[in-house]
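Trainee: One structure, pasted below without further comment.
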Amino acid sequence: MIKLAFLVVMLGGAWSASALAASDRVATFLRNSLNQHSVKLAEAATSMPADKYDFKTTEDQVSFGYLVLHIADGNYTFCSYIGGVPQPQLPQLTEFDAKDKLVERMKSSFEFCTSAVATLDDSHMGETLTIDDTKMSRAMAVLALTGGWVTHLELQERYLQINGLRK
């Protein structure tokens, strides 16, 4: 009987931990994606030479420098709303600022995101957020942010490839 009670307690503890992890799937997805994409996006930004930060494939496309700054700005905005923390007040930058300033801004935006979502769980994922003029659930904001990272990384990689920096 003691062995059975011990087994029930052990299984109950394992189930509780498993249920807890399953209940925070969106927050866990965000943190995992953040860990992966912060490294990949920063590496791509660092790989482009400074004299190519004004590169764009056509006149209608954004420049590489604009893309790096756009990623940073999006991170600050979305992570602020998702994590429920205020955005820091930062000096204004443009796509024409020096590469090192743009890369540093992007890297610091990922650090901000990491801090902003550190304690995030799924309990408020259904809440409606108003980001600029758009209303969306917190979960949808997570998907928009992480999907943006994928799209932006693809664009960075394409620009690097066109410039002979990737195969």
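Trainee: Just one of Asp73, Asp132 is among the charged types (D, E, K, R) and more than 12 Å from the chain's Cα centre (by Cα); which is it?
Mentor: Of the residues listed, the single one that is among the charged types (D, E, K, R) and more than 12 Å from the chain's Cα centre (by Cα) is Asp132.
Trainee: Give me the pairs, please: first residue somewhere in segment 74-88 and on the phi > 0 side of the Ramachandran plot and of a type outside the set (A, V, I, L, M, F, W, C), second residue anywhere and crowded, with 17+ Cβ neighbours inside 10 Å and in a loop (DSSP other than H, G, I, E, B), beta-carbon distance under 9 Å, and either six or more positions apart or on two chains.
Mentor: So the pair list comes out as Gly84/Leu120.
Trainee: Across segment 86-105, which residue is farthest from Ala42 (Cα to Cα) among those that are aliphatic (A, V, I, L, M) and surrounded by 15 or more Cβ atoms within 10 Å (Cβ to Cβ)?
Mentor: Among them, the one singled out is Leu93.
Trainee: Looking only at segment 125-152, which residues are among the aliphatic types (A, V, I, L, M) and either buried (at least 18 other Cβ atoms within 10 Å of the Cβ) or more than 17 Å from His70 (Cβ to Cβ) (or both)?
Mentor: Within segment 125-152, Met125, Leu129, Met136, Ala139, Met140, Ala141, Val142, Leu143, Leu145 qualify.
Trainee: Mind listing just one residue for me: the one in segment 106-124 that is surrounded by fewer than 15 Cβ atoms within 10 Å (Cβ to Cβ) and within 12 Å of Thr28 (Cα to Cα) and, of those, nearest to the chain's Cα centre (by Cα)?
Mentor: Here the answer is Ala118.
Trainee: Same structure again: Quick check: is even one residue across segment 99-117 part of a loop (DSSP other than H, G, I, E, B), in contact with a helix residue (DSSP H, G or I) (Cβ under 6 Å, 6 or more places away or on another chain) and either among the small types (Gly, Ala, Ser) or at pLDDT 95 or above (or both)?
Mentor: The answer is yes, given that some residue of segment 99-117 is part of a loop (DSSP other than H, G, I, E, B), in contact with a helix residue (DSSP H, G or I) (Cβ under 6 Å, 6 or more places away or on another chain) and either among the small types (Gly, Ala, Ser) or at pLDDT 95 or above (or both).
The values are calculated or read from the model by the stated rules, or taken from the named source; none is laboratory data. The shown structure was predicted, so the numbers you read here are calculated from the model rather than taken from an experiment. A quick note on method: Cβ atoms are made from the backbone with ideal geometry, for glycine too, and the neighbour counts reach across all protein chains shown.
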